[in-house]
1. From the list B:D437, B:D407, B:D403, which residue is surrounded by 18 or more Cβ atoms within 10 Å (Cβ to Cβ) and closer than 10 Å to B:I388 by Cβ?
2. Would it be correct to say that B:V63 is in contact (Cβ under 8 Å) with a residue 12 or more places away in the chain, over 24 Å from B:Q134 (Cα atoms), among the aliphatic types (A, V, I, L, M) and not assigned by TED's automatic domain parsing to the domain that holds B:V418?
3. Any residue at all in the range B:192-201 that's without any contact (Cβ under 8 Å) to a residue 60 or more places away in the chain, more than 29 Å from B:S121 (Cβ to Cβ) and either within 14 Å of chain A (Cβ to nearest Cβ) or not in a loop (DSSP other than H, G, I, E, B) (or both)?
4. Does the range B:133-141 contain any residue that is in contact with a Pro (Cβ under 7 Å, 6 or more places away or on another chain) and hydroxyl-bearing (S, T, Y)?
5. In the range B:143-173, which residues are buried (at least 20 other Cβ atoms within 10 Å of the Cβ), outside any helix (DSSP H, G or I) and not hydrophobic (A, V, I, L, M, F, W, C)?
6. Please verify whether B:V307 is without any contact (Cβ under 8 Å) to a residue 60 or more places away in the chain, among the β-branched types (V, I, T), crowded, with 19+ Cβ neighbours inside 10 Å and closer than 26 Å to A:L86 by Cβ, treating the condition exactly as stated.
7. Of all the residues that make up the range B:339-380, how many are surrounded by fewer than 18 Cβ atoms within 10 Å (Cβ to Cβ) and in contact with a helix residue (DSSP H, G or I) (Cβ under 6 Å, 6 or more places away or on another chain)?
8. Can you tell me which residue within the range B:235-270, out of those that are part of a strand (DSSP E or B) and of a type in the set (S, T, N, Q), is nearest to the chain's Cα centre (by Cα)?
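The values are calculated or read from the model by the stated rules, or taken from the named source; none is laboratory data. In this text, all values refer to a predicted model and were calculated from it rather than measured experimentally. Cβ sites come from the backbone with ideal geometry, for glycine too, and all protein chains shown count toward neighbours.
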Amino acid sequence: MMRSISLSALTAAVVLSVSACASNPPPEPEPAPPAVEKAVVTPPRVSPPPSPPVAPTPSGPAAGSRADFSAKATDRVYFDYDQYNLDDADRRALAAQVAWLKQYPTTRVEVQGHADERGTKDYNIALGGRRADAVAAYLKSQGIADTRIQTISFGKDKPLDTGHDEAAWARNRNAFTNVIVEAIS
Amino acid sequence: MRTLKLITIAIAALVLPAAPAVAQPPLKVQVVGEEYVPMRVAIPDFDAEGPGAEQVARDLADVLRADLASSTAFALVDKAAFIERDLDIALPPTFGDWSVAGVAAQALVVGKIVVNPGSNSLTVQFRLYDVYGQSQLFAREYSVPTPLNWRRLAHKVADDVYSRLTGDEGYFDSRIAFVSKTPGEESLRGRLAIMDQDGANAEFLLSGFSAVINPRFSPTEQMILYGAYVPDPKYPQATLLRTYLYDISTGRQEILAENPNSMEYSARFSPDGKSIAFSRSVNGNADIYVFDLARGTERRLTRDSGVDTSPSFSPDGKRIVFESDRGLGPQLYMMNENGEAMECPTSRTREAACRISFETGARFGDPVWSPRGDWIAFSVQRRGQFAIGVIQPDGKGLRVLSDGYQDEAPSWSPNGRVIVFQRTQAKGAGPKLFSVDLTGRNTRRIATPRDATNPTWGPLLK
């Protein structure tokens, strides 16, 4: 399998990455992604206590890995209550996903749709499906092959934030792009 | 995992040295509107014969009393008020001791437990008396091969008493499946579990599945449809939502739906158990389909760009009520099962689907047609609260039955009298199960070992 850890590729992706738009809640890192097997060249620092794993440093996530995607592209876009349309800010965020996916053409993603807890279980599964599809359709419209994208909806069953207020609900109305095939072996 | 095998219960009529029959109208629980006028029922402890029978006699009478007391049809007479004690099932009771003021029982149940010392089989015999009419209404005996199944006998007796005195079918000898949630665990995790209708004998049904959603009982068999999030075999980092058909008695199950380009969910049996209605999302658009289990064929019923989900059949199988946001926000709609247009009850126009819920600003969902056909239960979201309600199939008579912080996922008792639902009492509280009479009276918690969601009430056991 491909094991690409090219510095130039890394830089290009950094340039393309777009930070979360102001109106949207900040994206949360996904719970620790599965270990990327030995692809990262471990720096020989031992003494300081381990820093949070996400900080994108040149010696950070392996290029083409899930962590690399999350570091360089905004992996989650947010929606208004009962809505599933993408606004300009979302499309700018997704442009970084498109760039990363084009840079690593062997990768594959699953777009996960999520809803807040208000609404019935079935309706929220359908709504999460609409959100996942909105993102998937946009990625496809930007030239990402149909065969590289799949979608799933978790409805209200997998909230990012387990709180029960407006702020939590806003965070829970999202579509998360999950890299399911990395460009590393 | 403990499995309580469903056993066959032998039934026998119990012949009595009958009390003199007096011609009079049969004793029946009165109904005003839809509300029962509770009938006063006295149930003394059952007589006992054989090894260990005394304990079973006490426990069985307790469960029988609890069953009847949980219904709005009955008021149990306090045991402390009883005058006649140590009743012999072979002899008629002293009716005057039960009709006297202070006891005032209208119905009396006298019973006996026999444990056969040789075979260890358990028999319950009981007689139901009309106290004021001074006559026996009913007598029967049930046997099971082992005393371990004594609770089922209690429920069988309760169903007989209920059905004799109300004229409706009982619902006590039935089970409720649900999703068991362990507080603190990842929110997607949930295991399929089942319990007796009164919360006893709760157990997990599947060992390998930990992200079960929306179990739905067959109305005729011990079969359950459920959804489960499972790792995609092709891409283990990805997740699939599968629909399973699970046979509780054999433990066998099959995958009903798994398509790479669509997502199936919200499956529910038809009244004859032979087909299922479900939602399928393709390219983000959810529509309703019907799948014939025997033929393996499917028909698409809705072609709308809105969300169409939560289909539920009428008891005759001819119509389907569902949730759709084709108008403004989610509302309840009805359509013909055969795909033909229908005349709408309110507008008198012919439409592919007729809207039946109209409350402005309210968001309706979870419609479930009563097995009696007279009501459709639903959940409704208004003013930030989720409530359970019922509405008639013609859209009239909307009534809210419960009002918690978040009440949802209603399911009917097999006789269409009681609704079990999921309640989250307050922000951050764990979901629990409750039941409520269709009049909105008598909201009761059904205790589960852990948190619980999505109850589904099964048919009467056979």
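1. It is B:D407.
2. yes
3. Yes, the range B:192-201 has at least one match.
4. no
5. B:G170, B:Y171, B:D173
6. yes
7. Residues meeting the conditions: 0.
8. Filtering first and then ranking leaves B:S266.
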